[in-house]
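Here is the structure we will look at, set down as structure tokens.
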Amino acid sequence: MSDASKNNKKWIVAMMLDVPGIDCNTSIGKIVKLRDPNTNENRDYGLMAATIGGNNNNNNQDKQCNKIVEFQSLPADFSSFIVGRHIVKDGNIYVVNRIDPLFFYLSTQSVDDGQQESWQPFDQNLENSKLPREVCEAIPEKQMAHICSTFSNDDVCYLKFNVEKTLKWLQKKQERLFESLIIQDQRNRKAKGIKYASFNNNKTGVTGGSMSANFNLPPQASRLVAVTSSSEDKNSSAAELSNNTKAIKTESIQIMCNYLNQDWSKKFIEYLGCTMEVISTTNPTNKAAGVSNNVVSNAVIQQNIDDDISSKKIAEAKKKTIAETRTMGNKRLAKVSTKGMKSMSSFFGAAVKTKKAKH
Amino acid sequence: MFEAQLVEGKTFKAIIEAIKDLVVDCNLDCSEEEVAIQSMDSAHVSLVAVRLSASAFSNYRCDRPNSLGINTANMSKILKMLGKDDSITFKAEDESPDSLTMLFEGGKSTIADFELKLMDIETEQLGIPDTPYQCTIQMRADEFQRIVRDLQVLGDTCTISCGKEGVRFSVTGAIGNGNILVRSSDEDKDKVTINMEEPVELNFALRYLNFFTKATPLAENVVISMSPDVPVVVEYPIEEFGHVKFYLAPKIEED
């Protein structure tokens, strides 16, 4: 995937791995500024179009759903890259990492059990969260069930935010992340001659292949435990591995907290039975460095990744200074199939653009 | 300066309620003669045209033509506070106003004023020719609403065929099919007038028709006009002062 045309434009070259939910043939549609769920500051994110419930019947039943990706820079000792016929003078490699849009939703929700909202339909729930439209469009209805209580009535699913479910969901995420980090760590250790065994012993330790820096587990990754290779250094290595596993677990919690605001981080850490020291033991910018070959920083590409798109967005924002509000009816109407229906402008006279001048 | 007082404020409220699900943002085009809205839905397959002539207002002043860009949902939120018998007075500056002031007056004791922030909206104004239609059906608005609502249970697409026997609304869906035939009638209570030059049969998205019927409180009767391969017009006349017209593109089966 690449973007270029102007002289001052920045290239992003992404080598897409098989990441669940992302079509490798999809390119980043546009760059948008969204509030970081952790810091609440504006950051550049990419929007990738993806299809949910993808099937081959062309009856418009597939839902187009955005995927939100963040950009992480990997400092590298290169001075330039060749991209197609262009030479890109940039020493960094950028990793495109998919973000679960529920993190954005969480940043709008209170951790206080007593402040839960009433039962609301999915659309209404998102509307009340005041999230940007790009984020709302990235949240599939069924995914909300991870963090909300649900009940159905008259084919309408009603949701209510549930702190307990949310914490369980965060814990599952943290456990998956922990497994991913273990697998990455395993590669490093294998090079040092320490053997691993998987839970199912017929599998070797290295099953993940090359790992990306975005912590996505490869398909059918084995659950791994570390064992020492020889009996004489069993005790020392076990202790070392135990410490290492503990460190990796800490790292996984820290990475999770990178996507949560302060209140949610605190609540999550308490839920896991840890103390706040967990997130203060490591420099946040180097959190991943200790467990991965790749030094992943959360540095964001603040530069003009795509000047055209950014300037266009700014112009649009100026044009419409009022938060756009949509009714439930608007959203329902957007789902109506208009197949076989021509545009109004094809029936009526030439369109004349009118614009209200505002100074 | 634009200043206009509508004694029956609920009429304007009903207009906004009728169009807010179809149109997100639109311009209130104010001129010496009228206040008009023309806007398409996001898919550009339907169009709303509203007209309220200056005579609909008890006081009307518009020094120069102006377009006031509003978000219909936000306007609806403000109009929720309108009392049943309140009048509305609209006020806006001539030179690119930033807000539209609305005064709600109920009786002699209560005056509420609200300011709605305005937007810059680029719209495509379509030139709609005043062409005759081959079929024109006038029927009770609430009856049309009932038919559309009932048929929605069966399917998404409604076939409206106007022939000698009357107007037939047909839907075929997964659970079955249904037909509702409406015949001409001279009875005052359920008067149905059908003017037909040639039989016409067109398919429409029922969901859109259902949204159109949200204008039912505005008028006792609805006028449906059809010609082959052109958009249907569903018109709700607002007394003699204006109208809300909905245009919807027919569904044409591709070969």
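Across the options B:Gly173, B:Phe241, B:Ile224, the greatest Cα extent toward the positive end of the charge dipole of segment B:135-248 (unit charges at beta carbon of Lys, Arg, Asp, Glu) belongs to B:Gly173. Mean residue ellipticity, 222 nm, helices only, chain B: the sum of -39500 (n - 2.57) across DSSP H runs of n ≥ 4, divided by residue count and rounded to 500, is -4000 deg cm²/dmol.
Each residue of segment B:145-155 is assigned a 3J(HN,Hα), and the resulting list reads 4, 5, 4, 5, 5, 5, 6, 4, 5, 8, x Hz, derived from the Karplus form 6.51 cos²θ - 1.76 cosθ + 1.60 (θ = phi - 60°), x at Gly and Pro.
Karplus-derived 3J(HN,Hα) values for segment A:137-150, using 6.51 cos²θ - 1.76 cosθ + 1.60 with θ = phi - 60°, are 6, 8, 9, x, 4, 6, 5, 5, 5, 5, 10, 10, 6, 9 Hz; glycine and proline are entered as x.
Counting every other Cβ atom within 10 Å of each residue's Cβ, B:Val153, B:Val232 order from fewest to most as B:Val153, B:Val232.
Given +1 at the Cβ of Lys and Arg, -1 at the Cβ of Asp and Glu and no other charges, the dipole of segment B:2-117 around its Cα centre is 460 debye to the nearest 20.
Taking amide hydrogens as modeled 1.01 Å from N in the peptide plane, which residues meet the under 5 Å criterion relative to A:Val83, leaving out close sequence neighbours? Close amide H contacts, sequence-distant or interchain: A:Val88. With θ taken as phi - 60° and the Karplus curve 6.51 cos²θ - 1.76 cosθ + 1.60 applied, the whole-hertz 3J(HN,Hα) list for segment B:210-216 is 5, 5, 4, 6, 5, 8, 3 Hz, x standing for glycine and proline.
No value in this document is a laboratory result; all are computed from the given coordinates. All values derive from a computational prediction rather than experimental measurement. Neighbour counts are summed over all protein chains in view; Cβ atoms, including those assigned to glycine, are modelled from backbone coordinates with ideal geometry.
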